[in-house]
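The values are calculated or read from the model by the stated rules, or taken from the named source; none is laboratory data. Predicted, not measured: the structure shown is a model, and the values here were computed from it. In this analysis, Cβ positions are derived from the backbone assuming ideal geometry, glycine residues included, and neighbour counts consider all displayed protein chains.
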Amino acid sequence: MLWDEVLTALGQSRGYVSGAELSRRFGVTRAGIHVTVERLREAGYEIVSARKRGYRLLGGPDSLGIGDLAMHLPKERLAAVRCLKEVDSTNRYLKELAEEKLPEGFTVIADKQTKGRGRYGRFFASPAGDGLYLSMLLRNAGDPRALRDVTAYAAVATAKAIRRVTGICPDIKWVNDLQMHERKICGILTELSLKAESAEVQSCVVGIGINVRSGADFPEELREIAGSIEGEYPDVRVRRAALAAALIEELDRLREDFPSRKEEYLASYRELCVTRGPVVLRDASGERKALALGIDEDFSLLVEYPDGTRGSVRSGEVSARKLPRSEP
Ligand code: BTN
């Protein structure tokens, strides 16, 4: 689309790009370029023009098109990114695309999801303009057991991306939620598809949902626990395209680092994880009280149960437990 092409060309140039150059590159008349620039301006992009020099992009709305990402990522990387206005779920969409054997690192971003998927089949609220909903294909082959820790690595990578863009580092709540002021601002869902014949990985898709701002509001049941970056830090303004680019770069690094740099990711995970003290553990078998002691070598939660026995918990959910004073 000419809109994205012109925006990408302007976004990738540090200075002016002439109308003649744009018209040559995209095979349209200079009048066609002029009309596109006018449309971009009407949509809120600040594009200055100077005689004999051409056009220069100074800024724009907080949109999430390919052209918006072009200011932050090289063209070769953008070739493996798809931006959608609306989709049911970026994870579902990418898993389906990946059946065609996409390159690892292929990324799908949406401005809005109508059926955002959370863990345990829950709904992940994903209103337009308020968040970043991104899925990346991490692996398109291999042994599923080798991917056990990938979500924990992704939590570290996402925390780094948020810190790069906002200057504020979120906390990790075991196992893979990111929080600010104890409110969930990000959830991560990794989904594997396996080949039926060989049980090998067909696709490993990591999906990340970041609440950037809480425009309308969260559904009733989430109001107590969910938050957003700008909601928790009203002085911070996040440009979602910059956040998307930082996240893509951190996930690209993760793909190179996984699994060999486990010590580094484990150290960061332990540093950021705030799940300690009295908790309630929940999994398919029910609820259990425990004391969270720390994170073991496999990103599992080390706990002590009320009878004094200890264990490590690989999966499930925790919530902090407010105790009467006498209980340990
Ligand atoms: C959770 O908190 O339970 C995980 C939420 C994961 C949400 C993201 S948004 C992008 C990707 N697409 C989805 O449908 N889900 C993930």
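For the condition charged (D, E, K, R), farther than 24 Å from I210 by Cα and in contact (Cβ under 8 Å) with a residue 40 or more places away in the chain, D298 qualifies. Of everything in the stretch 206-227 that is over 24 Å from H72 (Cβ atoms) and among the small types (G, A, S), the residue that is farthest from the chain's Cα centre (by Cα) is A216.
Quick one: in the stretch 228-246, of everything that is of a type in the set (D, E, K, R) and assigned to a helix (DSSP H, G or I), which residue is farthest from the chain's Cα centre (by Cα)? Among residues in the stretch 228-246 that are of a type in the set (D, E, K, R) and assigned to a helix (DSSP H, G or I), the one farthest from the chain's Cα centre (by Cα) is E232.
Among the residues of the stretch 191-210, those that are within 15 Å of the ligand (Cβ to nearest atom) and either within 13 Å of S89 (Cα to Cα) or not in a strand (DSSP E or B) (or both) comprise E191, V205, V206, G207, I208, G209. Against the criterion of being touching a strand residue (DSSP E or B) at 6+ places or on another chain (Cβ under 9 Å), over 25 Å from G227 (Cβ atoms) and within 10 Å of the ligand (Cβ to nearest atom), R92 qualifies.
Within the stretch 82-97, the set of residues being crowded, with 20+ Cβ neighbours inside 10 Å and closer than 22 Å to R139 by Cα comprises C83, S89, T90, N91, L94, K95.
Could you check the stretch 1-104 for helices (runs of 4 or more DSSP H) lying wholly inside it with 1 or more residues that are over 26 Å from the mean Cα position of the chain (by Cα) and on the phi < 0 side of the Ramachandran plot? Spell out how you get there, then give the answer.
Details: elements: 2-12, 19-26, 30-42, 66-69, 75-78, 90-98.
Per the criteria, 2-12, 19-26, 30-42.
Residues in the stretch 154-190 that are within 14 Å of the ligand (Cβ to nearest atom) and either over 17 Å from I229 (Cβ atoms) or surrounded by fewer than 16 Cβ atoms within 10 Å (Cβ to Cβ) (or both): 6 in all. Check whether at least one residue in the stretch 191-202 is surrounded by 22 or more Cβ atoms within 10 Å (Cβ to Cβ) and under 20 Å from L134 (Cα atoms), and report yes or no. No. If you filter the stretch 104-122 down to residues that are surrounded by fewer than 22 Cβ atoms within 10 Å (Cβ to Cβ) and small (G, A, S), you find that the one that is farthest from the ligand (Cβ to nearest atom) is G105.
Does the stretch 132-152 contain any residue that is within 16 Å of the ligand (Cβ to nearest atom) and among the basic types (K, R)?
Step one: filter the stretch 132-152 for residues within 16 Å of the ligand (Cβ to nearest atom), giving 132-138, 150-152.
From what is left, the residues that are among the basic types (K, R) are none.
Checked against the condition, which is being within 16 Å of the ligand (Cβ to nearest atom) and among the basic types (K, R), the stretch 132-152 yields no hits at all.
So, A199, is that one in contact with a Pro (Cβ under 9 Å, 6 or more places away or on another chain), of a type outside the set (D, E, K, R) and at positive phi or not? Give the derivation first.
Values: in contact with a Pro (Cβ under 9 Å, 6 or more places away or on another chain): yes; of a type outside the set (D, E, K, R): yes; at positive phi: yes.
Yes, satisfied.
Might you let me know whether the stretch 106-128 holds any residue that is part of a strand (DSSP E or B), of a type in the set (S, T, Y), modelled with pLDDT of 95 or more and under 17 Å from D177 (Cβ atoms)?
Applying the first criterion (part of a strand (DSSP E or B)) to the stretch 106-128 yields 107-113, 117, 123.
Pick out the ones that are also of a type in the set (S, T, Y) and you get 107.
Subsequent filtering for residues that are modelled with pLDDT of 95 or more retains 107.
If we keep only those that are under 17 Å from D177 (Cβ atoms) too, we end up with none.
No - not one qualifying residue is present in the stretch 106-128.
For the stretch 18-51, the set of residues classified as touching a Ser or Thr at 6+ places or on another chain (Cβ under 8 Å) and without any contact (Cβ under 8 Å) to a residue 12 or more places away in the chain consists of S23, T29, R30, listed by residue number. Considering only residues in the stretch 260-299 that are in contact with a Lys or Arg (Cβ under 6 Å, 6 or more places away or on another chain) and in a strand (DSSP E or B), the one that is surrounded by the fewest Cβ atoms within 10 Å (Cβ to Cβ) turns out to be V280.
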